[in-house]
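Visitor: Input: one structure, supplied below.
The values are calculated or read from the model by the stated rules, or taken from the named source; none is laboratory data. From a predicted model like this one, the values you see are computed outputs, not experimental measurements. Glycine gets a Cβ as well: all are built from the backbone with ideal geometry, and neighbour counts include every protein chain shown. These area figures cover heavy atoms from the full protein model, side chains too; ligands, DNA and RNA do not enter into them. Shrake-Rupley method; radii C 1.70, N 1.55, O 1.52, S 1.80 Å.
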Amino acid sequence: MNKRVFYQNTALITGCSLLLRLLGIVFRILISNRIGAEGMGLYQLVFSIHILGSTFAVGGLVTAVTCVATQRLSAEDWHGVRRLMRIGVYISLIVGIGSALLLYGGAPQIADMLGDSRSQNAVAISGIALPFIGMDATLKGYFMARRRAWPSCVAQLLEQTVRIGSILWWLATVWNGSLEQACVIIILGDALAETVSCVYLWAAYRRDRRVSSATASTTVAPTTVKILRPLLHIALPLIAGRYLTTALRTVENALVPARLQMYTRSKPLALAQFGAVKGMALPLIFFPSALLMTVSGLLIPELTDAHTQHQHKQVSRLVGMALRITLLGAIFIGGIFTVLGQELGILLYGDPTVGLLLLILGPLTPIMYLDSVATGMLKGLGQQVHSLWYAVADSAVRILLIWLLLPHFGLAGFLFVMLVSNLLTCLLNTGRLLTVSGASVQWYRWILLPAIAATVGGVLCTYLPWTGIPYVAVGGLIYTGVYITLILLFRCFTWEDWQQLTARKA
């Protein structure tokens with residue numbers, strides 16, 4: 001990829017991701033203030049089923065379409081790309097409609113499994129948008145392969161705008177105050193937003209296809225089998241893995257409130273604690289990760305190209321670059337939540353429990369970020385099967401620990417489960433990535449020294465005499481200034497590193 005195009009896409013997607021995450025956090029704050037922590041917990045239960053249905057509808061289409069389309073575009077085979085898109089859309093519609101029917105018909109049984117009858121109506125309608133979600137994934141894979149970021153960015157902004165506007169409007173006008181109806185309203189808003197996004201992306205694809213037709217080669221279009229074979233070769237391990245791991249995560253999400261209830265002796269309190277972790281604290285933890293996730297996503301086509309052409313040094317350089325950026329950024333962000341988390345939870349959610357969760361989860365943030373980036377890059381290197389088994393092992397360990405620990409230790413036990421789980425998957429995925437890429441981690445410069453810089457900045461903030469907004473503002477400035485200064489003094493990132501980052505091949 002030309003470095004100018006890479007920078008443009010990085011800037012566009014990063015800006016878009018930050019804006020989307022900011023809107024998402026604001027939206028969650030507004031929603032949580034309306035329906036409370038218990039409502040957020042009930043919504044997270046329904047949302048876990050929605051994610052399961054979306055997994056069936058999407059499968060591994062984004063990564064598979066991106067990789068196959070990248071290969072076809074490299075050979076300037078436009079006929080093959082069009083056939084690929086046609087196949088992807090058909091698969092999306094068939095699987096999406098089937099998944100929607102299963103959710104509608106099985107809603108009573110699913111509600112019983114979740115342990116809350118209030119979720120039944122929301123589960124029944126959660127499949128409305130599944131065909132559109134699958135098509136949306138296929139189209140995003142195409143534009144990622146085309147190195148065109150703006151259609152996906154516009155679609156996501158449009159989707160978030162429709163989601164926020166419709167849900168807040170319905171909550172203000174037709175909501176009767178019940179948590180059951182609130183979940184239905186949120187699911188309907190999600191469905192409307194996904195549909196609008198898909199329609200826009202389809203229009204953008206048709207426009208892009210008309211433009212590319214003028215330069216299409218005159219070669220004979222490849223057969224469906226020649227397109228389907230590599231598509232399924234990439235997608236099937238991802239589909240199997242996501243089906244299995246998402247199903248296990250759904251079981252986990254249903255299990256957590258039930259096992260917490262055995263400790264708290266209160267169903268509303270158990271749902272509130274579950275909602276505080278999954279619906280309030282974790283979204284805020286992952287809010288600043290836009291840049292790191294963007295770089296990882298944009299490097300997947302680059303890794304695919306380099307890996308296909310056996311450019312081992314390029315693969316190693318790309319992986320090393322991504323890991324360095326991830327670690328330096330993630331340690332900084334983890335320190336922010338460790339230092340300012342308690343005040344942020346109170347300021348944003350008005351809930352000291354969320355603040356305490358942010359403070360506790362802060363040191364875990366670098367591990368979570370590193371695991372996410374490593375998992376994404378393994379897919380670009382064709383390591384889907386390994387990622388599948390790692391995810392399955394992780395889910396099995398989580399479910400076992402949740403079953404054993406939560407009735408005796410409650411929320412503290414759940415936080416311990418998160419620690420064990422993230423350490424396990426991070427070690428497995430990062431270790432595999434380093435093995436297959438030949439890259440190495442400079443532990444002293446990339447981890448130890450940045451951790452020292454974050455610690456120094458955090459300790460200085462503890463001497464501030466204020467609380468609330470003044471503490472967050474001044475403490476954030478002091479911490480950021482100290483961290484950046486020490487990173488440069490320790491030479492964790494140098495001018496030579498910047499020159500390598502801005503090489504001709506991004």
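Visitor: Which helices of the chain meet both criteria: a Cα extent of 20 Å or more along the helical axis and a mean Kyte-Doolittle score no lower than 1.6, with helices taken as whole DSSP H segments?
Guide: Working: long enough: 3-58 (47 Å, 0.97); 78-105 (41 Å, 1.05); 130-145 (23 Å, 0.83); 150-173 (34 Å, 0.67); 179-213 (51 Å, 0.49); 224-264 (57 Å, 0.59); 290-308 (28 Å, 0.95); 312-349 (49 Å, 1.16); 365-380 (23 Å, 0.54); 384-437 (42 Å, 1.31); 468-489 (31 Å, 1.78).
Those that clear 20 Å and a mean of 1.6 are 468-489.
Visitor: Also, I was wondering about something else. How large, in Å, is the chain by the Kirkwood hydrodynamic radius built from its alpha-carbon pairs? Let's see the in-between values first.
Guide: Numbers: mean 1/r = 0.0419 Å⁻¹.
One over the average 1/r among Cα pairs gives 23.9 Å for the chain.
Visitor: Ok, one more. If you roll a 1.4 Å probe over the range 341-461 with all protein chains in place, what percent of the accessible area is carbon or sulfur?
Guide: Numbers: 3630 of 4880 Å².
Taking all protein chains in place, the range 341-461 shows 74 percent carbon and sulfur surface.
Visitor: To the nearest 500 deg cm²/dmol, what mean residue ellipticity at 222 nm is calculated for the chain from DSSP H runs of n ≥ 4 alone, each contributing -39,500 (n - 2.57), summed and divided by the residues? Display every interim value, and only then the final one.
Guide: Details: 19 runs with 420 residues, N = 506.
For the chain, the value works out to -29000 deg cm²/dmol.
Visitor: Heavy atoms of the protein only, probe of 1.4 Å, neighbouring chains included. What is the accessible area of SER117 in Å², nearest 10?
Guide: Its heavy atoms expose roughly 90 Å² to the probe.
Visitor: Where does the longest stretch of the chain lie that holds no trypsin sites (Lys or Arg not before Pro) found in a DSSP loop with 13 or fewer other Cβ atoms within 10 Å?
Guide: The answer is 1-264.
Visitor: What percentage of the solvent-accessible surface of the range 30-154, computed with a 1.4 Å probe over protein heavy atoms, is contributed by carbon and sulfur atoms?
Guide: Values: 2780 of 4380 Å².
Summing carbon and sulfur atoms, their accessible area is 63 percent of the total for the range 30-154.
Visitor: Then there's this: From the protein chains alone at 1.4 Å, what is the descending order of accessible area for GLU302, GLU343, largest first?
Guide: GLU343, GLU302
Visitor: Full-extension gain between GLN109 and LYS267, please, as 0.36 nm times their residue separation minus the C-alpha to C-alpha distance.
Guide: Details: separation 158, 0.36 × 158 = 56.88 nm, distance 1.98 nm.
Gain on stretching GLN109 to LYS267: 54.9 nm.
Visitor: Specify the inter-centroid distance of the range 318-351 and the range 388-458, based on alpha-carbon positions, in whole Å.
Guide: Here the answer is 15 Å between Cα centres.
Visitor: With a 1.4 Å probe and every protein chain left in place, work out the accessible area per residue of the chain in Å², rounded to a whole number.
Guide: Details: 21380 Å² over 506 residues.
With the other protein chains kept in place, the chain gives 42 Å² per residue.
Visitor: Using Cα centres only, tell me the gap between the range 247-290 and the range 121-155 in whole Å.
Guide: First find each Cα centre; the distance between them is then 26 Å.
Visitor: Could you calculate the contour length gain from ILE97 to LEU236, that is, 0.36 nm times the residue separation minus the distance between their Cα atoms, to one decimal place in nm? Could you put the intermediate results ahead of the total?
Guide: On the way: separation 139, 0.36 × 139 = 50.04 nm, distance 1.91 nm.
That works out to 48.1 nm of additional length.
Visitor: May I have the count of lysine pairs in the chain with C-alpha atoms under 22 Å apart, counting pairs 8 or more residues apart or located on different chains?
Guide: 10
Visitor: If the viscosity is 0.890 mPa s and the temperature 25 °C, what translational diffusion coefficient in µm²/s does Stokes-Einstein give for the range 348-433 when Rh comes from Kirkwood over Cα pairs?
Guide: Values: Rh = 14.1 Å.
Once the numbers are plugged in, D ends up at 175 µm²/s.
Visitor: Also: So how many Å³ per residue does the convex hull of the Cα atoms of the range 39-153 work out to?
Guide: Details: hull volume 10.4 nm³, N = 115.
It comes to 90 Å³ per residue, whole-number rounded.
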